[in-house]
Amino acid sequence: MYTVIYPYKKTYSIELKYSIKSLKNIKHDSVIVIGDKPSYYVPAQLIPNKKYSWSKFSPSHNQISKYLTGIKAINDEDLILMNDDMYILDKWIPENYNRGTLIDHIKQRGRADSYSVSLKNTMQHLDVMGLPTLSYEVHTPFIVKRDKLELAIDELLPHIINGKPILIRSYYGNRFGIKSTYIDDCKNPEDYKGKTLLSTDDQSFTSEDIGEYIRGKL
């Protein structure tokens, strides 16, 4: 079974509480929260992220630093990477997803922000390595092997410590040829009812539509 890992930065939202509650819908061993301690109780092991401080560079750096802290602290091999804004609303057999190619993902965004820069950096890095360029950047749980995640982060370290943002999911997925299924991103969809996987933001989680629906299911 899986160990579920959350990289966490404390917010005023209770999304993490409900995300952890939603894990009742998958088979898993334990839950680990890496980073900040939530302001409320969660049934999880808490590991502070003190050694690796790359958050000044980008959100992707912050996430990778927490993953590295986690895999250095545990021995479990089968991991699921979660974020506090992801929810599993019905029984689900874990699998990985993609949203098409990175170039298509960039075109769909249609704006030049820091996240688009991360997408472009990742695509260019994969191109140089002669690897596929699928985007695994969907707001869904992501299944990894601990040893492969550690290797992927180690390979990216020269870029990470120089401040270059590369997205670990898409690097890992293409680097190891991870089988995945295409899915439309499940972040705040209009047709959210009946979906097994959903994701919110701070504002939508407190709303009377998708947020209320998720809270009611859990």
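In table form, for the structure just shown:
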{"read-out": "Residues of segment 182-208 that turn out to be closer than 18 Å to ILE14 by Cα and either out of contact with any Phe, Trp or Tyr (no Cβ under 8 Å at 6 or more places or on another chain) or in a helix (DSSP H, G or I) (or both), as a count", "value": "10"}
{"read-out": "Residue in segment 16-27 that is in contact (Cβ under 8 Å) with a residue 12 or more places away in the chain, among the β-branched types (Val, Ile, Thr) and either touching a helix residue (DSSP H, G or I) at 6+ places or on another chain (Cβ under 8 Å) or in a strand (DSSP E or B) (or both) present", "value": "no"}
{"read-out": "Residue within segment 197-204 that is more than 25 Å from LYS17 (Cβ to Cβ), buried (at least 16 other Cβ atoms within 10 Å of the Cβ), modelled with pLDDT of 95 or more and of a type in the set (Gly, Ala, Ser) present", "value": "no"}
{"read-out": "Lone qualifier among ASP84, ASP36 - being in contact (Cβ under 8 Å) with a residue 24 or more places away in the chain, in contact with a strand residue (DSSP E or B) (Cβ under 7 Å, 6 or more places away or on another chain), among the acidic types (Asp, Glu) and buried (at least 21 other Cβ atoms within 10 Å of the Cβ)", "value": "ASP84"}
{"read-out": "Hits in segment 101-155 (condition: of a type in the set (D, E, K, R) and outside any helix (DSSP H, G or I))", "value": "ARG111, ASP113, GLU137, LYS145"}
{"read-out": "Index of the failed condition, TYR213 passing every other in (1) assigned to a helix (DSSP H, G or I); (2) under 20 Å from the mean Cα position of the chain (by Cα)", "value": "(2)"}
{"read-out": "Pick from segment 1-10, criterion in contact (Cβ under 8 Å) with a residue 40 or more places away in the chain and within 12 Å of ASP84 (Cα to Cα), ranking: surrounded by the most Cβ atoms within 10 Å (Cβ to Cβ)", "value": "ILE5"}
{"read-out": "Candidates SER13, SER114, SER30, filtered to the one that is surrounded by fewer than 21 Cβ atoms within 10 Å (Cβ to Cβ) and touching an Asp or Glu at 6+ places or on another chain (Cβ under 6 Å)", "value": "SER13"}
{"read-out": "GLU95, sole failed condition from (1) under 16 Å from PRO165 (Cα atoms); (2) surrounded by fewer than 20 Cβ atoms within 10 Å (Cβ to Cβ); (3) not β-branched (Val, Ile, Thr)", "value": "(1)"}
{"read-out": "Scan of segment 1-50 for residues that are among the charged types (D, E, K, R) and in contact with a Lys or Arg (Cβ under 8 Å, 6 or more places away or on another chain), ordered by number", "value": "LYS10, ASP36, LYS37"}
{"read-out": "Whichever residue in segment 165-181 is aliphatic (A, V, I, L, M) and assigned to a loop (DSSP other than H, G, I, E, B) and, among such residues, is nearest to ILE88 (Cα to Cα)", "value": "ILE178"}
{"read-out": "Some residue of segment 43-54 being over 19 Å from ILE168 (Cα atoms), touching a residue at least 12 places away in the same chain (Cβ under 8 Å) and polar (S, T, N, Q)", "value": "yes"}
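The values are calculated or read from the model by the stated rules, or taken from the named source; none is laboratory data. Computed from a predicted model, the values in this text were never measured in an experiment. Every residue, glycine as well, gets a Cβ built from its backbone with ideal geometry; the counts of neighbours run over all protein chains shown.
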